[in-house]
Amino acid sequence: MRNQDELSQGAKQRFVETAARAKNPLESLSYQSYKAPSGQEFKLICRAKSDADSKLLKWAFKLAETNVGPYYKQLKMGWQPKIKAAELNKNWARYLVAQNEQKENVAYAMFRFDMDHGDSVLYCYEMQVAAEYRRQGLGKFIMSTLEDCARLWHLEKVMLTVLNNNDASICFFKQLGYDKDEISPDVLEQADYQIFSKSMLS
């Protein structure tokens, strides 16, 4: 097992910067397609924000609004479309998008490479699957691809945020080996979300 604690902050930062500079950080992975148990095949494409067209970004926003908007509305923070749209349009954003055989977008993850509390991480901000394509292993495959990407670039962990009231999402990520990160808000902070992570060092 690699002991990343022995690495300096500068070395960790260089790993992050190297990954962020890569035009396609998943290029060396065999992630190009996924065949579901149903027989359907999905092609995965990776886009930087600068390479993503406005149609893709609008679709990503609408899918997030459909999937998690209702959960946000139940919380004190509410659903804030302008803030969510701004997040999805960040210059550093990366998109891993799954397309069906008709080349229609059906799922995506939005992520970035970053330093977080001294750790080098791949942070997954969104992972959304269209309702009709769920329960086919597509979300699991997308997350495993991101994990492989994190390992490829020598990052310490994959991190993500889950809403407290989204039990299905919490259960999904726990099944994949994610658990509450040490920087996740504690009970006294009364946050509407938790931060999950999974180590990539094993």
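For the reader, a short list of remarks on this structure follows.
- Screening region 27-40 for residues that are modelled with pLDDT of 90 or more and farther than 15 Å from LYS140 by Cα and picking the one that is most open to solvent (accessible area, probe 1.4 Å) gives GLN40.
- Of the set (1) modelled with pLDDT of 95 or more; (2) open to solvent by 20 Å² or more (accessible area, probe 1.4 Å), all apply to PHE111 but (2).
- Some residue of region 112-124 being within 23 Å of LEU7 (Cα to Cα), within 16 Å of the chain's Cα centre (by Cα) and polar (S, T, N, Q): yes
- In region 61-75, the condition of being open to solvent by 70 Å² or more (accessible area, probe 1.4 Å), in contact with a helix residue (DSSP H, G or I) (Cβ under 6 Å, 6 or more places away or on another chain) and farther than 20 Å from TYR193 by Cα is met by no residue.
- Output for region 76-86, where each listed residue is at pLDDT 90 or above, out of contact with any helix residue (DSSP H, G or I) (no Cβ under 9 Å at 6 or more places or on another chain) and not aliphatic (A, V, I, L, M): LYS82
- Test: LEU176 is at pLDDT 95 or above and surrounded by fewer than 21 Cβ atoms within 10 Å (Cβ to Cβ): yes
- One residue from SER184, SER199, SER169, SER144 being open to solvent by less than 20 Å² (accessible area, probe 1.4 Å) and hydroxyl-bearing (Ser, Thr, Tyr): SER184
- So ARG14, is it out of contact with any helix residue (DSSP H, G or I) (no Cβ under 9 Å at 6 or more places or on another chain) and open to solvent by 20 Å² or more (accessible area, probe 1.4 Å): yes
- Counted residues, region 71-99 - those being over 28 Å from ASP167 (Cβ atoms) and polar (S, T, N, Q): 3
- The set of residues from region 154-166 being open to solvent by 30 Å² or more (accessible area, probe 1.4 Å) and closer than 16 Å to GLY139 by Cβ comprises just one member, THR161.
- Just one of (1) part of a helix (DSSP H, G or I); (2) free of Cβ contacts under 8 Å to residues at least 60 places away in the same chain; (3) of a type in the set (D, E, K, R) fails for LYS12. It is (2).
- Qualifying residue in region 141-151 (condition: over 13 Å from ALA64 (Cα atoms) and not in a helix (DSSP H, G or I)): no
The values are calculated or read from the model by the stated rules, or taken from the named source; none is laboratory data. In this text, all values refer to a predicted model and were calculated from it rather than measured experimentally. Glycine gets a Cβ as well: all are built from the backbone with ideal geometry, and neighbour counts include every protein chain shown. Only protein heavy atoms, including side chains, enter the accessible area calculation; ligands, DNA and RNA are left aside. Shrake-Rupley method; radii C 1.70, N 1.55, O 1.52, S 1.80 Å.
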